[in-house]
Amino acid sequence: MILDDLLDMQLPAGCHMQAFADDVLLIVTANKQEELQTITNTILADISNWGSKVKLNFGPAKTQVIAFTPKAKSAQIHMDGTNLTFVPEIKLLGIIIDEKLLFNRHLKHVIGKAMRIYNKLCIYARPTWGTHPENTRTIYHHVIEPIITYAAGIWGGVVTKKSARKELASLQRGFALKAIRAFRTVSTNAALALAQFMPLDLRILEVHHVEQTRLTNTTHLLPKDVKLERPTPVRELLHPALRVTKSDMDHQEADETHSIYTDGSKQETGAVGAAFVCFDPGDTEQPTITKKFKLHDSCTVFQAELLAILEACKWATQKYQNTIIYTDSQASLQTIADRSNTHPLVTQIHKIIQTYRGIKQISLKWVKAHTGIIGNEAADAAAKLATQLHRAPDYSSFPMSYVKHQLRKRSTDLWQTRYTSSEQGQHTKNIFPSLTDIAHFRKHTETHFYTTQILTNHGFHKTYLHRFHITPDDCCPCNANTPQTVTHLMTDCPRFAAERIRHELLCRFHDKDPYNLLELLEKEDALASYTELAKNIFSKLKAYNGT
């Protein structure tokens, strides 16, 4: 509260001051070194004088100065008679800012922080025992990712460098191996795919672009004239007692009451439209007025529903005395009834209803969709026609959900391209060519050490053990001439014939290839049988091989 007075201090042009708790940041820019030096020293003196008046001391020893140009670095800056030395980097709210604004040091800092957590995790997580893989996934998603992506809107651009991507992949690889309980020889490409961990550099760029969108109100995904839909500032909201509540939706129909039905529509092509239709009192067969509105393709059907209600409110206040506005969107009505909601369309609805409260009666009601109600069907048809309008959008503010969805889609496509084009993880790619297939597989099966050996070809079978000179040969004990591969164990080895036949009979019943995982994904019980067979085989494999 005391520092708030400091932030109101009048500063010269090119200067900015901000604070978080008791950390004060002063930014000074100037065209000449002499001007920069004079302005900075003057402001620091004013700050010190202010501190003395309110009995606060700013310590020169704790004050750091950083210059972002060579000329600025030559300035002589002092505070309370003490010369301040320029430092190559400062730490501000957890971000390490270097004098060249490269943020390489910050990246190393957060990777080191995450690695310390990984080293602790290694004590409790091993391929065959330890913490459950889902616990590892939880730690990764809710601890590691937030640590790495914190404030990525500022420094995220650094991950476009090859060296940065390599460091991030190295960190992420360790957590992925723990999450799928795999051997440490499994490739990064296969480990990330099976763990469903999006590459960190792509995740950081997502956060970077989202934060940049919040700062600039625009996105590179859309034209510059299409702006972000921002919440209404608190200072512009109505007093809570004046906002729309559920009681405003319970008015009884009176004489001469007009009915307005609203609806919104979004087509598979992305086109979005909204509409309302008006019925005169006593007429329930034919609408007298139909109004259609076009929204930008980035908008959602929820925005379309709210816009239709807003435009219906505007029409009702200008034309009718008593109006009931019907909508089949429960979400819209619940949002409007929320006094704390700051959605710009909702706050406009609140203001219209409040402005005409006591003069005109407007009631909002829900009606069940697709039940043959003429007004609702007419509004639905009009909203679909509105999507085909060839004119500038009546509403063109995109929601943040659009940006997040598009960025996630682009990141997923880039990840799929990397997964497919990488020379690593060929065995995994032969089983699951698509990351979507892996996601489906993980959704219906529990992650355990046995299936991971099959999916990666890194396990206790002798072809793998012989590759690393752990066994003298790669032959299966069932046949001195047959290499003991994953395929041999699952499909041919007579030692496991009893376990195998039950699985094959079930798959024959479903008309599925018993060893084609893409086909087995279509039948949950067949997939469960496959994983049970894998567990039976690989849990006995060490004893079978005598290793």
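Observations on the structure shown:
- The range 73-130, residues that are of a type in the set (Val, Ile, Thr) and either out of contact with any helix residue (DSSP H, G or I) (no Cβ under 8 Å at 6 or more places or on another chain) or surrounded by 14 or more Cβ atoms within 10 Å (Cβ to Cβ) (or both): ILE77, THR85, VAL87, ILE90, ILE95, ILE96, ILE97, VAL110, ILE111, ILE117, ILE123
- Screening ILE147 on (1) surrounded by 16 or more Cβ atoms within 10 Å (Cβ to Cβ); (2) at pLDDT 95 or above; (3) under 17 Å from the mean Cα position of the chain (by Cα) shows it passes everything except condition (1).
- In the range 72-87, the residues that are touching a residue at least 40 places away in the same chain (Cβ under 8 Å) form Cβ pairs under 9 Å with partners that are surrounded by 16 or more Cβ atoms within 10 Å (Cβ to Cβ) and among the hydroxyl-bearing types (Ser, Thr, Tyr), at six or more places apart or across chains, as follows: ALA75/THR40; ILE77/THR40.
- Residues that are of a type in the set (Lys, Arg), more than 30 Å from LEU237 (Cα to Cα), in the same structural domain as GLY270 (by TED's automatic domain parsing) and modelled with pLDDT under 95 are absent from the range 373-389.
- In the range 1-53, the residues that are polar (S, T, N, Q), closer than 15 Å to MET79 by Cα and in contact with a strand residue (DSSP E or B) (Cβ under 7 Å, 6 or more places away or on another chain): THR40, ASN41, SER48
- Only one of GLU311, GLU377 that is surrounded by fewer than 18 Cβ atoms within 10 Å (Cβ to Cβ) and either part of a loop (DSSP other than H, G, I, E, B) or under 39 Å from the mean Cα position of the chain (by Cα) (or both): GLU377
- When we screen GLN286, GLN303, GLN321 for residues that are more than 25 Å from the chain's Cα centre (by Cα) and in contact (Cβ under 8 Å) with a residue 24 or more places away in the chain, the only hit is GLN321.
- Of all residues in the range 481-503, none are within 33 Å of the chain's Cα centre (by Cα), under 28 Å from LEU177 (Cβ atoms) and of a type in the set (Val, Ile, Thr).
- The set of residues in the range 332-358 being charged (D, E, K, R) and in a loop (DSSP other than H, G, I, E, B) consists of ASP338, ARG339, ARG357.
- When GLU524, GLU532, GLU519 are checked against the criterion of being surrounded by fewer than 18 Cβ atoms within 10 Å (Cβ to Cβ) and in contact (Cβ under 8 Å) with a residue 40 or more places away in the chain, GLU524 stands alone in meeting it.
- Scan of the range 388-402 for residues that are over 17 Å from LYS294 (Cβ atoms) and touching a strand residue (DSSP E or B) at 6+ places or on another chain (Cβ under 8 Å), ordered by number: MET400
- Among the residues of the range 21-53, the ones that are of a type in the set (A, V, I, L, M, F, W, C), loosely packed, with under 13 Cβ neighbours inside 10 Å and at pLDDT 90 or above come to 2 in all.
- Within the range 1-43, being assigned to a strand (DSSP E or B) and of a type in the set (Val, Ile, Thr) holds for VAL24, ILE27, VAL28.
- From LYS351, LYS429, LYS409, LYS368, residue being modelled with pLDDT of 95 or more and either out of contact with any Phe, Trp or Tyr (no Cβ under 8 Å at 6 or more places or on another chain) or on the phi > 0 side of the Ramachandran plot (or both): LYS409
- Residue match in the range 429-440 (condition: buried (at least 20 other Cβ atoms within 10 Å of the Cβ), part of a loop (DSSP other than H, G, I, E, B) and in the same structural domain as ALA308 (by TED's automatic domain parsing)): no
- Boolean, CYS278 is part of a strand (DSSP E or B), touching a helix residue (DSSP H, G or I) at 6+ places or on another chain (Cβ under 9 Å) and of a type outside the set (Asp, Glu): yes
- 1 or more residues farther than 26 Å from THR185 by Cβ and modelled with pLDDT under 90: qualifying helices (runs of 4 or more DSSP H) within the range 445-545: 497-510
The values are calculated or read from the model by the stated rules, or taken from the named source; none is laboratory data. Bear in mind that the values here come from a model prediction, so they are computed numbers and not experimental data. Positions of Cβ are generated from backbone atoms using ideal geometry, with glycine treated the same way; all protein chains shown enter the neighbour counts.
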